[in-house]
Amino acid sequence: MDALTLRIGTRRSRLALAQAEEVAYHLALLGVESSLMPMTTSGDRGDPAEASSAGVKGLFVAEIVRALQEGDVDLAVHSAKDLPAEDPEGVVVGAVPERNAPFDVLVTREPDLGAGAVVGTSSLRRQALLRRSRPELDVRDLRGNVDTRLVKLERGEVDGLVLAAAGLARLGIAPAHATPLPMDEMVPAPGQGALAVQVRADDGLTRQVVGRLDHERSRTAFEAERALVLRLGGGCSLPLGAYAEQRAEGVRLLGVVVRPDGSGFLWAQAEAPSSAEVAAHVAETLISARALEILGEA
């Protein structure tokens, strides 16, 4: 094991590198050396969703997954929310380390937002839920990595941003005006705050090592939220929120679907013994309420 050095595939963004370094740190605590292999993905180049068979999510992982499949890297680290709902051929999620805060925060230039204030986010989920809960705001599409969006906020291009609490924490950024958004206002994206460490299914040694990073409660929540995405449309970028928790009695899962304009809000919550079962219950309730029509429109 002393001679083992694992090559970690990752995107080049500052956040992606911080996430990969987090995994490298935990591997080092196990006595395993690693090296980062940064890559540029189609999503980083701004390619359209049609460039990926897995839709928008696939744009940010396809090149890294291919490098893993071809043996150019030994593992890949992703934001769990960026993963398509199904594992690619020959690849499995070897570990879900302990999840960071899954929630979103509203970051503003001034302490308060008045009516008509412009809030930027590229996420359909965030746009829809913000328009539903705060119709007085002017919600606009705003793209770019965390640093880019924060610069646009500072320049006055927008008055506020909705960002993931976990991303800010991993980058060590503490904005002066940041308000956590409660669950009844902003249900997080499936997998938000969690990391997914992919390995080759037939690489027994790496699977054994990486498996030691797995956090049971985080894995359970990830699998429940991911299973719900699969039942509601797979790898698309959807106005869908989900949050699961492992409890003593089983797994509790909340799922919401809403039109991008904030209308047609649907929600369902269930508890069941396993991730697969609770996802099936929540999906059935949402589908019976015509969630697939709303997601199809989006």
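Of the helices (runs of 4 or more DSSP H) lying entirely inside region 140-214, those carrying at least 3 residues that are at pLDDT 95 or above and not assigned by TED's automatic domain parsing to the domain that holds LYS81 are 146-155, 165-171. Just one residue in the set LEU129, LEU113, LEU168 is more than 30 Å from ALA62 (Cβ to Cβ) and not hydroxyl-bearing (Ser, Thr, Tyr); that residue is LEU113. Reported count of residues in region 123-139, each being more than 22 Å from the chain's Cα centre (by Cα) and assigned to a loop (DSSP other than H, G, I, E, B), is 4. For region 14-38, a tally of residues being closer than 22 Å to GLN69 by Cα and either at pLDDT below 95 or in a helix (DSSP H, G or I) (or both) returns 8. Of everything in region 236-249, what is farther than 14 Å from LEU124 by Cα, assigned to a loop (DSSP other than H, G, I, E, B) and in contact (Cβ under 8 Å) with a residue 12 or more places away in the chain? Give them in sequence order. GLU249 - this is the single residue of region 236-249 that is farther than 14 Å from LEU124 by Cα, assigned to a loop (DSSP other than H, G, I, E, B) and in contact (Cβ under 8 Å) with a residue 12 or more places away in the chain.
Assess whether GLU225 counts as being charged (D, E, K, R), in contact with a strand residue (DSSP E or B) (Cβ under 6 Å, 6 or more places away or on another chain), assigned to a helix (DSSP H, G or I) and under 28 Å from GLN127 (Cβ atoms). Here the answer is yes, as GLU225 does meet what is asked. One residue stands out in region 67-96 among those that are in a loop (DSSP other than H, G, I, E, B) and under 14 Å from the mean Cα position of the chain (by Cα): the one that is farthest from LEU137 (Cα to Cα), namely VAL96. Among residues of region 7-22 that are within 15 Å of PHE60 (Cβ to Cβ), those with a beta-carbon under 8 Å from a residue that is of a type in the set (Asp, Glu) and modelled with pLDDT under 95 at least six positions away or on a different chain give the pairs ARG11/ASP44; ARG12/ASP44; SER13/ASP44; ARG14/ASP147. Within region 250-294, the set of residues being in a helix (DSSP H, G or I) and surrounded by fewer than 19 Cβ atoms within 10 Å (Cβ to Cβ) comprises ALA276, GLU277, ALA280, HIS281, GLU284, THR285, ILE287, SER288, LEU292, GLU293. For region 151-167, filtered to residues that are of a type in the set (A, V, I, L, M) and out of contact with any strand residue (DSSP E or B) (no Cβ under 7 Å at 6 or more places or on another chain), the residue that is surrounded by the most Cβ atoms within 10 Å (Cβ to Cβ) is ALA166.
Test ALA201 against the stated conditions and say whether it is within 26 Å of ALA298 (Cα to Cα) and among the hydrophobic types (A, V, I, L, M, F, W, C). Taking the combined requirement at face value, the residue does not satisfy it. Within region 88-123, restricting attention to residues that are charged (D, E, K, R) and touching a residue at least 12 places away in the same chain (Cβ under 8 Å), the residue that is surrounded by the most Cβ atoms within 10 Å (Cβ to Cβ) is ASP104.
The values are calculated or read from the model by the stated rules, or taken from the named source; none is laboratory data. For clarity, every value in this text was computed on a predicted model and none was experimentally measured. Note: ideal-geometry Cβ built from the backbone for every residue, glycine included; neighbour counts use all protein chains shown.
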